[in-house]
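Engineer: Take a look at the following structure, please.
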Amino acid sequence: MKFNKTRNKIFGGVFIFIIVLAFFTFPTKYYLEVPGSAESTSQYVKVDGKHDKKKGDFLLTTVGIMQGTPFTLLRSLGDDFETIYPREELMGNETDQQYMQVQQYYMRSATNNAVQAAYSAADKPFTKKYLGVYVMDILSNSAFKGKLKVGDTISSINGYKFKNSNQFIKYVRKQDKHSTVKINFTRDGKKKTASGKLVKLASTKRFGLGITLTDNTEAKGMPPTKIDAGDIGGPSAGLMFTLQVYSQITNKNLKKDRIIAGTGTISPDGTVGPIGGIEKKVYAASSEGATVFFAPDDPVTKEIKKYDPNYVNNYHLAKRAAKKINTKMKIVPVKSLNEAIKYLEKN
């Protein structure tokens, strides 16, 4: 009898230990988006083979993505700077590896846009080679499921060669919904072809290939610029990389000993676009001592309000976040690269 009591206590202790361990370490199907890092862009950019040595810093900002455990999910409740997402909402049907691969493709596109925007603003010569569109995702109902892979680059459709993704999309829209299309694409340096019918897209009710895409370009300037972002992915560092490149190729001291942070996508024409998780990026930038933070001042159109009545643009979200953490960092709204440059030159 005494032995049974001792054994039961041991089993009970082991059971409790397993429950506690699972509470702190068991991975769930939910992910947390948290404040990431704020890192100097100069370490990733070389112009004419040299890093920027001027005092001060341009900081790109990131968010952190971590798989939630019961403990971290419970702890995040009520935290304004941690957001819980179901895995499907964050990554769709992609594996973790595919998700990271897609983010790398977005970064590659962003750095090429940064070179184009910076050299254009500086009136410096550059060349742009359009390679096609990256395949970023393939819908489950797509006729090209199993034929295309994430990372393939489509160079033509029905023999039609396009100069940007918008031309590609417009061409597909003009096709009869019952038609079969033939695409040429490149995978791992090898040219391939595939054919398939168009499918109805749930998001727009139009017919298309059933893929998510982004431009695949290669931009080179004089003096030569190289941007190597390492493991950092996504398109949101576009603006800050552009400012870094611009300041180096013009030899302008825009930093003036300051720590300047920000976020936003960049288009080749210098337009700054909105990104996700800006509140976490404000938090990260403030923690690194930034005194200026550039936030996309994206227009809130009637169409956006139609689909999302509660939409708030990046600038106002950034202002809210700055107020919550009581930072002295100035939040500066920008719609374009030129606005950011003029602010730094005048202030």
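Engineer: May I ask you to say which residue of Gly238, Gly230, Gly270, Gly234 is at pLDDT below 95, open to solvent by less than 20 Å² (accessible area, probe 1.4 Å) and farther than 17 Å from Arg320 by Cβ? Break it down stepwise before answering.
Structural biologist: On the way: Gly238 fails: at pLDDT below 95; Gly230 fails: open to solvent by less than 20 Å² (accessible area, probe 1.4 Å); Gly270 fails: at pLDDT below 95.
Every option except Gly234 fails the conditions.
Engineer: If the Cβ limit is 9 Å and pairs must be 6+ apart or interchain, which residue in the range 305-318 that is closer than 21 Å to Ser336 by Cβ and free of Cβ contacts under 8 Å to residues at least 40 places away in the same chain pairs with which residue that is open to solvent by less than 40 Å² (accessible area, probe 1.4 Å) and assigned to a helix (DSSP H, G or I)?
Structural biologist: Pairs found: Tyr315/Ile278; Leu317/Ile278; Leu317/Val282.
Engineer: Additional query: I need a count of the residues in the range 250-263 that are part of a loop (DSSP other than H, G, I, E, B) and more than 25 Å from Ile84 (Cβ to Cβ).
Structural biologist: 8
Engineer: How many residues does the range 32-46 contain that are β-branched (Val, Ile, Thr) and surrounded by 22 or more Cβ atoms within 10 Å (Cβ to Cβ)?
Structural biologist: So the answer is 2.
Engineer: What pairs come up if the first residue lies in the range 157-185 and is over 11 Å from Lys197 (Cα atoms) and without any contact (Cβ under 8 Å) to a residue 12 or more places away in the chain, the second is assigned to a strand (DSSP E or B) and open to solvent by less than 60 Å² (accessible area, probe 1.4 Å), and their beta carbons are under 7 Å apart, counting only those six or more places apart or on different chains?
Structural biologist: Here the result reads Lys161/Ser155, each pair linking the range 157-185 to a residue that is assigned to a strand (DSSP E or B) and open to solvent by less than 60 Å² (accessible area, probe 1.4 Å).
Engineer: Still on this structure, please answer the following. Determine the pairs where a residue that is surrounded by 21 or more Cβ atoms within 10 Å (Cβ to Cβ) and at pLDDT 95 or above, located within the range 283-296, has a partner that is aromatic (Phe, Trp, Tyr) and assigned to a loop (DSSP other than H, G, I, E, B) with Cβ atoms under 8 Å apart, the partner being 6 or more residues away or on another chain.
Structural biologist: Tyr283/Phe81
Yes/no matrix, rows are residues, columns are (1) aliphatic (A, V, I, L, M); (2) at pLDDT 90 or above; (3) in contact with a Ser or Thr (Cβ under 6 Å, 6 or more places away or on another chain):
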residue	(1), (2), (3)
Phe23	no, no, no
Tyr31	no, yes, no
Ser37	no, yes, yes
Ser40	no, yes, no
Tyr44	no, yes, no
Lys54	no, yes, no
Phe71	no, no, no
Glu82	no, yes, yes
Asn93	no, no, no
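Engineer: While we're looking at this one, here's another question. Considering only residues that are open to solvent by 30 Å² or more (accessible area, probe 1.4 Å) and in contact (Cβ under 8 Å) with a residue 60 or more places away in the chain, which ones fall in the range 196-224?
Structural biologist: Correct list: Leu201, Ile211, Thr212, Leu213, Asp215, Glu218, Lys220, Met222, Pro223, Pro224.
Engineer: List the number of the failed condition for Thr265; all other conditions in (1) under 22 Å from Lys346 (Cα atoms); (2) open to solvent by 30 Å² or more (accessible area, probe 1.4 Å); (3) modelled with pLDDT of 95 or more; (4) in contact with a helix residue (DSSP H, G or I) (Cβ under 8 Å, 6 or more places away or on another chain) hold.
Structural biologist: Failed condition: (1).
Engineer: Taking the range 179-190 as the region of interest, how many residues are in a loop (DSSP other than H, G, I, E, B) and either within 26 Å of Thr127 (Cβ to Cβ) or within 23 Å of the chain's Cα centre (by Cα) (or both)?
Structural biologist: 2
Engineer: Would you please name the residue that is nearest to Val172 (Cα to Cα), looking only at residues in the range 191-205 that are aliphatic (A, V, I, L, M) and part of a strand (DSSP E or B)?
Structural biologist: Looking at residues that are aliphatic (A, V, I, L, M) and part of a strand (DSSP E or B), I get Val199.
The values are calculated or read from the model by the stated rules, or taken from the named source; none is laboratory data. Since this is a predicted model, take the numbers as computed values, not measurements. Backbone-built Cβ (ideal geometry, glycine too); neighbour counts: all protein chains shown. For accessibility, only protein heavy atoms count, side chains too; no ligands or nucleic acids. Shrake-Rupley method; radii C 1.70, N 1.55, O 1.52, S 1.80 Å.
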